[in-house]
Amino acid sequence: MAAHASIKSMALCLVMTMCLVISSVAELQRFDHPANDDGSLSFLVIGDWGRRGTYNQSEVAVQMGRVGEKLNINFVISVGDNFYDNGLTGENDPNFEESFTKVYTAKSLQKQWYSVLGNHDYRGNVKAQLSPVLKQKDSRWLCLRSFVVNAGIVEFFFVDTNPFVDMYFYDPKDHIYDWRGVLPRKKYIANLLRDVDTALSQSTATWKIVVGHHAIRSVGHHGDTKELVEKFLPILQRNNVDLYMNGHDHCLEHISSLSRWTGSKQLYSAI
């Protein structure tokens, strides 16, 4: 009887261990976006834009519409800071329609928008901006913390870079950040780095492009993001990432790594 109980106990422990192992393995949510019939792909990238049409947002939107029509774009990528100054207050915040739906009205821009969060978005109600309710208001909208878009010849890896930045936690000044879903921070970052590393290593796409809000390297106002240089850049280099696209510095840069070749290509960082 004792031996039978012991065997049952061992079996239970084994099942519990297997469950723990399975639950510790997470994958970034994936979306498929078909390329054109000839395998080509065109898209626009924009960041730091949600101004209710001011600060030249409406003028830029007009030009985006013209370029989008000329290129017959497949989708638009937003690299964060989607709604100024402090994100959205809730799912029914009029800022969503006033800064997005009513601004990007060109026919060519009525395509899927893939968005990540910026630091200004974290100053608002993050869960509202991530809510599927917004997609019901405007079917173009898709915003998640981190995810993957498979577009055939290229895979896009969208990464939430905000939790990496120490200043937002230790010296936020007069800003209040919505860290729901992020804390405990160290665990969040460790899991995210693992998941991104796994997704990149398993990718068989010809091109691997990573999207985040903060610059890794920059000669702009904010400069390098040292936390990303230390923790994130090695993963991109190890997995032969071809391009990193970001916002945050409100300027246009194209930074090329001439000293490190990744396979047959170079690692770039762009804003």
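The values are calculated or read from the model by the stated rules, or taken from the named source; none is laboratory data. Quick caveat: nothing in here was measured; it's all calculated off a predicted structure. Here Cβ is always computed from backbone atoms with ideal geometry, including for glycine, and neighbour counts include all displayed protein chains.
At a glance:
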{"quantity": "Filtered residue count, segment 89-112, keeping only those that are in a loop (DSSP other than H, G, I, E, B) and under 17 Å from Ser131 (Cα atoms)", "calculated": "6"}
{"quantity": "Residues of segment 69-113 classified as under 25 Å from Gly39 (Cα atoms), buried (at least 23 other Cβ atoms within 10 Å of the Cβ) and of a type outside the set (Val, Ile, Thr), total", "calculated": "1"}
{"quantity": "Search result, residues across segment 118-130 that are farther than 13 Å from Trp49 by Cβ and either assigned to a loop (DSSP other than H, G, I, E, B) or modelled with pLDDT under 95 (or both)", "calculated": "Asn119, Gly124, Asn125"}
{"quantity": "Selected residue [farther than 24 Å from Val149 by Cα, modelled with pLDDT of 95 or more and of a type in the set (Asp, Glu)] from Asp178, Asp197", "calculated": "Asp178"}
{"quantity": "Only listed residue being in contact with a Gly (Cβ under 6 Å, 6 or more places away or on another chain) and touching a residue at least 24 places away in the same chain (Cβ under 8 Å), chosen from Leu134, Leu109, Leu192", "calculated": "Leu109"}
{"quantity": "Ile153 being surrounded by fewer than 17 Cβ atoms within 10 Å (Cβ to Cβ) and within 23 Å of Glu227 (Cβ to Cβ)", "calculated": "no"}
{"quantity": "Pair list, Cβ < 7 Å and 6+ apart or interchain, from segment 60-72 residues that are at pLDDT 95 or above to residues that are surrounded by 15 or more Cβ atoms within 10 Å (Cβ to Cβ) and assigned to a helix (DSSP H, G or I)", "calculated": "Met64/Leu109; Gly65/Ser108; Gly65/Leu109; Gly68/Ser108; Gly68/Leu109; Glu69/Ser108"}
{"quantity": "Which listed residue is part of a loop (DSSP other than H, G, I, E, B) and surrounded by 12 or more Cβ atoms within 10 Å (Cβ to Cβ), from Tyr168, Tyr188, Tyr177", "calculated": "Tyr177"}
{"quantity": "Residue in segment 131-139 that is charged (D, E, K, R) and part of a loop (DSSP other than H, G, I, E, B) present", "calculated": "yes"}
{"quantity": "Hits in segment 195-215 (condition: touching a residue at least 60 places away in the same chain (Cβ under 8 Å) and charged (D, E, K, R))", "calculated": "Asp195"}
{"quantity": "Tally of residues being hydroxyl-bearing (Ser, Thr, Tyr) and either within 19 Å of Leu233 (Cβ to Cβ) or without any contact (Cβ under 8 Å) to a residue 40 or more places away in the chain (or both) across segment 137-181", "calculated": "4"}
